[in-house]
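Have a look at the structure below before the remarks.
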Amino acid sequence: MSTTSRSELESRLSAAIMQWQDATQRFDQAVGHRLGLNPAERRCLAMLAHGSQPPSVLAAGVGLTRSAMTALLDRLAGRGLVERQRSARDRRQIQVRATDRARSEVMVLYQPLAEGGAALLARRSPAELKTILAFIEETLALQTQVTENLEAPTGQAGEHG
């Protein structure tokens, strides 16, 4: 019976995470290529998968200026992938939403991954799912924090004396 050391498991897990990140980036690039979207357009549609957003929130999330976001939204609207509508709460504000066409075009490409992922999760016990979820949430929080430090202006977060 073979035993795997903790060090070996941690090393294999670290390598697998890096490979997963690379595979995810490659998949997202392939989706963008298939749909004729540049990375900013694809990221914008990904943000809209969670519901309508104001243009300023999309601009911050995609990393664009407001004027560049306006041009990006004009392109996506011209292709029938997004719609602008007045906010129900404040008629002065605009909300952007993905169209049914955008959702169906994107879903066709993500469906095999969603179905395969669901099948993988179905094989796990509730206890295993809780462990996996906790690890992913903690890893996401760590990556978000480190990324924000990298994005901060020099002399701010992440600088040491």
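The values are calculated or read from the model by the stated rules, or taken from the named source; none is laboratory data. Model, not experiment: these values are computed from the prediction. Every residue, glycine as well, gets a Cβ built from its backbone with ideal geometry; the counts of neighbours run over all protein chains shown. To get the accessible areas, we keep the full protein, side chains included, count just its heavy atoms, and leave off ligands, DNA and RNA. Shrake-Rupley method; radii C 1.70, N 1.55, O 1.52, S 1.80 Å.
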### Task
For the stretch 25-33, state whether one or more residues are open to solvent by less than 40 Å² (accessible area, probe 1.4 Å) and among the charged types (D, E, K, R).
yes
### Message
Here are the criteria: (1) part of a helix (DSSP H, G or I); (2) in contact with a Leu (Cβ under 8 Å, 6 or more places away or on another chain); (3) open to solvent by less than 100 Å² (accessible area, probe 1.4 Å). Tell me which single one T147 does not satisfy.
### Response
(2)
### Message
With the structure loaded, tell me whether R97 is in contact (Cβ under 8 Å) with a residue 24 or more places away in the chain and part of a helix (DSSP H, G or I) or whether it fails that test.
### Response
no
### Message
If I ask for residues that are closer than 17 Å to W20 by Cβ and among the hydrophobic types (A, V, I, L, M, F, W, C), which ones from the stretch 121-133 would you list?
### Response
L121, I132, L133
### Criterion: closer than 23 Å to E148 by Cα and either open to solvent by less than 80 Å² (accessible area, probe 1.4 Å) or free of Cβ contacts under 8 Å to residues at least 12 places away in the same chain (or both) - qualifying residue of L64, L81, L73
L64
### Task
Please tell me if A127 is outside any loop (DSSP other than H, G, I, E, B) and surrounded by 10 or more Cβ atoms within 10 Å (Cβ to Cβ).
no
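Based on what the data block shows, is E137 surrounded by 10 or more Cβ atoms within 10 Å (Cβ to Cβ), out of contact with any Lys or Arg (no Cβ under 6 Å at 6 or more places or on another chain) and more than 21 Å from Q21 (Cβ to Cβ)?
Spelling it out, it is not the case that E137 is surrounded by 10 or more Cβ atoms within 10 Å (Cβ to Cβ), out of contact with any Lys or Arg (no Cβ under 6 Å at 6 or more places or on another chain) and more than 21 Å from Q21 (Cβ to Cβ).
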### Task
Have a look at R101, R86 and point out the one that is surrounded by fewer than 15 Cβ atoms within 10 Å (Cβ to Cβ) and touching a Leu at 6+ places or on another chain (Cβ under 9 Å).
R101
